[in-house]
Amino acid sequence: MENLLGLLRIHVHKGVNLAVRDVMSSDPYVLVKRGKQKLKTRVVKKNVNPEWNEDLTLSIDNPNLPITIEVYDKDTFSPDDKMGDAEFDIGPFLEAVKMHLEGLPNGTIITRISPSRQNCLAEESQIIWVNGKVVQNIFLRLRNVECGEVELQLQWIDIPGSRGL
């Protein structure tokens, strides 16, 4: 707990145009990994445009460690098929949280991150002030697969007694 900075809530919103891994569709789920932590969404049956709308929470001790997401197709009688992966850096988001902003108008854009060869962003990612909190909307283009994107939202949770940012 002494090294804990806080918690990162990742809202896994949806997948868009995911790869077909079964006969006509897929049964996708998302695995979120950071260091030794692994979290998983539920499986959405027969859907290449699934809506998970699930919150997964990671404890953050090292702000420099990237977060990896992997999408899989759930199979019953064989190993699950990989449907792509992506990685993102939480550094810019944590820098915005560290600003300790207060009283901004709802919807104020704090910073923007452009897609580049160094990240998996499918489109510009905005870090914004929403309802008194810093949030980041992320649209990730999956790698190592023919198609697919995953939409996420990040939100920081301070923990009393933690080191904090």
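The values are calculated or read from the model by the stated rules, or taken from the named source; none is laboratory data. In this text the structure is predicted, and so the values were computed from the model without any measurement. Glycine gets a Cβ as well: all are built from the backbone with ideal geometry, and neighbour counts include every protein chain shown. Side chains are part of the model used for accessible areas, which takes the heavy atoms of the whole protein and leaves out ligands, DNA and RNA. Shrake-Rupley method; radii C 1.70, N 1.55, O 1.52, S 1.80 Å.
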Loop chymotrypsin sites (Phe, Trp or Tyr not before Pro), the range 50-84 (other Cβ atoms within 10 Å of the site Cβ: 10 or fewer; DSSP): F77
Exposure of C147 as accessible area (Å², to 10), given a probe of 1.4 Å and all protein chains: 40
For the range 125-165, fraction of C-alpha pairs farther apart than 13 Å, in %: 65
Normalised contact order of the chain, rounded percent, pairs of Cα under 8 Å and 6 or more residues apart: 29
Linear extension gain, R163 paired with E87, 0.36 nm per residue minus alpha-carbon span: 24.8 nm
Simple label model, 7 Å out from Cα along Cβ direction - N64 to N131, nm: 3.5
Projected label distance in nm at N106 and L7, using a 7 Å step from Cα toward the beta-carbon: 2.4
Within straight-line cross-link reach of K38, lysines at Cα separation under 20 Å, skipping those fewer than 8 residues along the same chain: K14, K74, K82
Loop GluC sites (Glu not before Pro), the range 54-104 (other Cβ atoms within 10 Å of the site Cβ: 10 or fewer; DSSP): E102
Eligible aspartates and glutamates near K36 by straight Cα distance, threshold 16 Å, same-chain separation 8 or greater: D61, E70, E87
Lys, Arg +1 and Asp, Glu -1 on Cβ, resulting dipole of the range 90-136 about Cα centre, debye, nearest 20: 80
Of all accessible heavy-atom area on the chain, the percent that carbon and sulfur account for (1.4 Å): 48
Magnitude of the charge dipole, the range 1-160, Cβ model with Lys/Arg +1 and Asp/Glu -1, debye to 20: 100
Stretch gain in nm, segment Q153-D55, where the contour uses 0.36 nm per residue and the Cα spacing is subtracted: 34.4 nm
Over the range 47-144: Kirkwood hydrodynamic radius from C-alpha pairwise inverse distances, Å: 15.6
Kirkwood hydrodynamic radius over Cα pairs of the chain, then Stokes diffusion coefficient at 4 °C and 1.567 mPa s, in µm²/s: 78
